[in-house]
Amino acid sequence: MGKKMEKKENDRKPDVDDDLWLVDDVASFLRCTRKFVYSMVAKRKIPHYKLSNRLRFSRSMMVSWLQTLGVPIVEVMGHGEED
């Protein structure tokens, strides 16, 4: 763990007004299993951060991450994206 890690999108903190998601929320949003979410976290492939050793995800970071992958976002957890 002595390696200096590069600053990545995963290290960004969410905006104060941003919704905080749990693993279950992300799994529901991505329509995948909790196991898949944990696997993506372990591989540092999904934006996340830890609060008291518990995983948290920000809604805006998830939307941005999916958009960088080329996934069109129409509606997110009941909230439509505004232009």
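For Lys35 and Val71 in the same chain, what is the full-extension length gain: residue separation times 0.36 nm, less their Cα-Cα distance, in nm?
Values: separation 36, 0.36 × 36 = 12.96 nm, distance 2.14 nm.
Between Lys35 and Val71, full extension yields an extra 10.8 nm.
Compare the peptides 35-41, 58-64 by average per-residue count of other Cβ atoms within 10 angstrom and give them in order, highest first. Show your work: numbers first, answer last.
Working: 35-41: 15.6, 58-64: 19.3.
The densest-packed peptide leads the list: 58-64, 35-41.
Taking amide H atoms as placed 1.01 Å from N in the peptide plane, list the residues 5 or more away in sequence, or in a different chain, whose amide H sits under 5 Å from that of Asp19.
Distant-sequence amide H within range of Asp19: Arg59, Ser60.
Would you please give the FRET efficiency between Asp19 and Lys50, computed as 1/(1 + (r/R0)^6) with r the Cβ-Cβ distance and R0 = 25 Å, to the nearest 0.05?
Numbers: r = 17 Å, r/R0 = 0.69.
Efficiency, rounded to the nearest 0.05: 0.90.
Here, each number is a calculation from the coordinates, and none is a lab measurement. What you see is a predicted model, and the numbers here were worked out from it, not measured in a lab. Counting neighbours? That spans all protein chains shown, and the Cβs are built from the backbone with ideal geometry, glycine included.
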